[in-house]
Structure formats: C-alpha cells, structure tokens
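Take a look at the structure below.
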Amino acid sequence: MQMADTSMPNSGNNWWSCLTLNNHQVASESVHGARLAQAHLAKKCSSKCSICVEENKECKCKEHESRVAIAATEHHVKRSSSFAHSVINMIGMLIGLGQLSTPYALENGGWASAFLLIGLGIMCAYTSHIMGKCLDEDSSSKTYQDLGEQAFGTKGRVLASTFIYLEIFFALVSYTISLSDNLPLVFAGVHLRLPHLHVSTAQLLTVIAVLVALPSVWLRDLSSISFLSFGGILMSLLIFAMVLSTAIFGGVSANQSIPVLQLRKIPVVSGLYAFSYAGHIVFPNIYTAMKDPSKFTKVSITSFTIVTTLYTCLAFTGAKLFGPAVSSQITLSMPPHQITTKIALWATVLTPMTKYALEFAPFAIQMEQNLPSSMGRWSRTLIRGSVGSILLLLILALALSVPYFQYVLSLTGSLVSVGICLVFPCAFYLKICRRQVSKPVVVLNAVIIIFGVVLGIVGTISSSKSLIQSMQRGESS
C-alpha cells in the first residue's frame, strides 16, 4: 500500500502533462497549476483507497483509481516530446504578455539596459539548467512545488505554491488591464454610456468582454479547455510577427534616438524584463514530458537564446520606431489604420480571453478536493463556478481601479517573477545537490540569489511607489 501512495501522485501529474504536452505539444503558463492540483487530487485519492482497504470498507474512489491507472500506462507511451517539441514548448511558455512592454522598457532604461535584458536571459537559462539537475536527483519530483518540498520540506512547498498563485493572480490582472487598454482601439468610434454611472467606454467594453469569458470558468472538464493554451501562444506569436511587419512594411521610419542609460528608471525596467522570462514554474513539466531528459539543458540554452534574441530585436525595433512616444504596450503605438495593427490589436484582445479558464483551473481543482465527498456533482460545479466568477469579477474590479499596465507588470516581475526565476531555483539547487556542488558553483548561485533579492526589493519599492503616484494623480484629475 505504501508503494501506491507514493507513485499515484506522479502518475496523476503525468496524465495531465501527457494531455497538454502531447496532444498539443505546447505548454501553458496556467496549465502547470492544474497539473499540480491534479497531482494532489491523485494523492488524496490514493490515500483514501489505502484507508478503505485497511478498514475493510467499500472503496468509493474507483473512478479516480482507474484514471490514475490509465495515467501510469500512458506515461510510458506518451513520454515522447522530442528536442524540437520541447524547445517549442519552452519558447511558447516564455513569449507572452511581457513582449508587449520590451520596447517601452528599453526606451525608458536606455539602450544600455539591453545588457540587463540579455543578462537576465542568461541567468534564467542557467537556473532552468539547474532545475533539470534537481529533477535528476529525485525522479519523484515532477513539479515546481515538488522541488520546493524536496529542498525545504512542507515550508518549501507552501512558499512555492504561494508565489505561483501570486504570479497567476497578478498576471490575470495585467491581462485584464491590457484588455481594457486595447479594446477601445479595436472598437474605435464606439461610444457606450450608462445612465447615472460615470463609466468610460473602455471600462464598459472591458466589463462586457470579461462577462463573455465568465462562463469558461464554470467548465469542469479541464481537457475541454486545454486547446486555449495553444490559442494563447499563437496569439503571442502573431503579435510579434505583426510588430515586425509594421517595421518592415508599415511606412514608419526607424530613426528615433534611444538614450544611453536612465539609471533612475532601471528598477522599474528590471521588473518588466524579469516578467518577460517568467516561465520556470512549468519547466519541470516540460522536463518530465521529454523523451530524452538529458537534453533539457540544450533545450534551455536554445530556447532562451531564441527568446532573448527576439526580445532584444523587438525592443530595439519598437524604441527606434516610436522613441519617447512608445506606449507601455507596443500595440498602442502602432499606426491605427494598418491591417497589421488591427491584427495585433485583435490578438492582444483575444489573448486574455484564452487565459481566464486556464489560470483558474489550479484554484478550482484544489478547492474541489477539499469539498465533502458526499457532495453531488452539480453542487460542486455550482461552488466551483461561483468562486471562479467572484474571483474573476474581483480581478476585473482591481484592473479597472489600477489601470497602469507597466507598473503592475513591473511589480509582478519584481515581487514574484524574480523569486521564481532566479532566487528559488538557486536555493533549491544548493540544498538538493549540495554534496555535488563545487565551491565556485556555490559562489555563483549565491551571487545570483543576492542579485535577485536586491533586484526584487529595489524593483518592488520603485514600481510600488510609481503605481501609488499614478493612482494619486488619477484621483486628483
């Protein structure tokens, strides 16, 4: 019975990993959370089955047991992500909302801040590599949370979980702000008003868009929404292609000057850059889906090289095209009447619509496993959907109250992403692989930890201060 208890969670995790990574060969920044929750659900199920057997009671977990048993079989068949597939998965994870702000970040930080962008890319590639080393040490570790527990026990798992859910929450707020910023351009010329309410057209359009997406959080079958992951990644790649098309065919001269360095803005800029590389929470799932996990380091180097190159090119292209007038989201600066701009705007608007159900999935599964087993399916669905709706409306209210995309994104990068991408992986590595790590490597990881902590603290203070000042100016006006 002990063997069943330890193996079931990983099988459950692999079932969900196989579903998303092999059916679509693309990872999602939100599906990782669902996998984590699914692993816990499988663990809980296996524990119940053990109790049922020991107490000689009728087991009521057969449905879950069969699902986990199927997962154990499928794991051996479907662990087949090739090197190319794994690179696509990782690039898809990294290219997202952060790409919209790289031109703004470079213009405000100066062209010398590109060294920070590239340096963070190198460091994040290294931390991805050492996460693979940690996973090599214990085959039972399949998720980011597992690494936290493997290194620091229950406290490590709780800390990792807290940062993961914080990142999901703040990312959804940022997506909703982006939705609010871009919708008025998509529906240019539309004017909406409600009597007795001082609400702008942009706010009303955002409310309507979120209400349209609201039913998706009621979906109980996670496999039915996994296709949204693929759609979200396609939208991100489409935005990148449209920006480059504007530079080449849009008739806008790339002759704006970029300042060398604006040191006082670097703390905010560092948060934007850090958020752009946020993806480490799903890297363990990419690792476990690989046919040959020994190539994970090569996958990390290849993926981060491509993404860092794309970010750097996009940053310089946007900054040279629009100069000081560049917006915090590059789509807001593109020529409004060109077809490439319209495509980029629609892609930017549709991207958040694909995120809500996926991002809520981890919360939903964790919540469902804590509900009484005697509760019926419809009651569970009602509670799940109601909580999801309340959380989504809370995110909507927060996004409309704090419509400052660059500062919210920078705060997320500094407060959460730096820890997830830099600090925690190094700490996990030093703890898990401490017997194999040489002194120079210990020094290197300690330097990255210190650098990440300093960057996170300074960036959090700076972006919080800028956010508060922007809110105060908004209230006074």
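Of note:
- Pair list, Cβ < 8 Å and 6+ apart or interchain, from the stretch 164-187 residues that are assigned to a helix (DSSP H, G or I) to residues that are open to solvent by less than 10 Å² (accessible area, probe 1.4 Å) and aromatic (Phe, Trp, Tyr): Ile164/Tyr144; Leu172/Tyr356; Ser174/Phe405; Ile177/Phe405; Ser178/Phe405; Asp181/Phe405
- If the condition is being touching a residue at least 24 places away in the same chain (Cβ under 8 Å) and surrounded by fewer than 24 Cβ atoms within 10 Å (Cβ to Cβ), then the stretch 97-116 contributes Gln99, Asn108, Gly110, Trp111, Ala112, Ala114, Leu116.
- Restricting Tyr144, Tyr165 to those that are of a type outside the set (Gly, Ala, Ser) and either open to solvent by 70 Å² or more (accessible area, probe 1.4 Å) or modelled with pLDDT of 90 or more (or both) reduces the list to Tyr144.
- Subset of the stretch 288-312 (residues that are of a type outside the set (Lys, Arg), farther than 24 Å from Ser414 by Cα and open to solvent by 20 Å² or more (accessible area, probe 1.4 Å)): Asp292, Pro293, Ser294, Thr297, Thr302
- Residue in the stretch 192-217 that is surrounded by the fewest Cβ atoms within 10 Å (Cβ to Cβ), counting only those that are over 14 Å from Ser389 (Cα atoms) and touching a residue at least 60 places away in the same chain (Cβ under 8 Å): Gln203
- Only residues that are among the small types (Gly, Ala, Ser), modelled with pLDDT of 70 or more and buried (at least 22 other Cβ atoms within 10 Å of the Cβ) were counted across the stretch 64-96, and they come to 4.
- Residue within the stretch 248-267 that is surrounded by fewer than 17 Cβ atoms within 10 Å (Cβ to Cβ), at pLDDT below 85 and in a helix (DSSP H, G or I) present: yes
- Here is the figure for the stretch 125-141: residues that are among the acidic types (Asp, Glu) and at pLDDT 95 or above total 0.
- Members of the stretch 120-142 that are acidic (Asp, Glu) and in a helix (DSSP H, G or I): Asp136, Glu137
- Residue match in the stretch 364-373 (condition: of a type in the set (S, T, N, Q), open to solvent by less than 50 Å² (accessible area, probe 1.4 Å) and either free of Cβ contacts under 8 Å to residues at least 24 places away in the same chain or in contact with a helix residue (DSSP H, G or I) (Cβ under 8 Å, 6 or more places away or on another chain) (or both)): yes
- Odd one out for Ser328 among (1) free of Cβ contacts under 8 Å to residues at least 40 places away in the same chain; (2) outside any helix (DSSP H, G or I); (3) of a type outside the set (Asp, Glu): (1)
- Residue count for the stretch 420-443 under the criterion of being of a type outside the set (Gly, Ala, Ser) and touching a residue at least 40 places away in the same chain (Cβ under 8 Å): the result is 11.
- Being closer than 20 Å to Ser276 by Cβ, open to solvent by 20 Å² or more (accessible area, probe 1.4 Å) and in contact with a helix residue (DSSP H, G or I) (Cβ under 9 Å, 6 or more places away or on another chain) is true of Lys320.
- Conditions (1) touching a residue at least 60 places away in the same chain (Cβ under 8 Å); (2) over 28 Å from Leu166 (Cα atoms); number of the one not met by Ala347: (2)
- Residue identified as over 17 Å from Leu116 (Cβ atoms) and touching a Cys at 6+ places or on another chain (Cβ under 9 Å) among Leu422, Leu430, Leu444: Leu444
- Yes/no for Ala278 being small (Gly, Ala, Ser), modelled with pLDDT under 90 and touching a strand residue (DSSP E or B) at 6+ places or on another chain (Cβ under 8 Å): no
The values are calculated or read from the model by the stated rules, or taken from the named source; none is laboratory data. Just so we're clear, the structure is a prediction, and the values are computed from it rather than from any experiment. Glycine gets a Cβ as well: all are built from the backbone with ideal geometry, and neighbour counts include every protein chain shown. Accessible surface areas use protein heavy atoms only, side chains included; no ligands, DNA or RNA. Shrake-Rupley method; radii C 1.70, N 1.55, O 1.52, S 1.80 Å.
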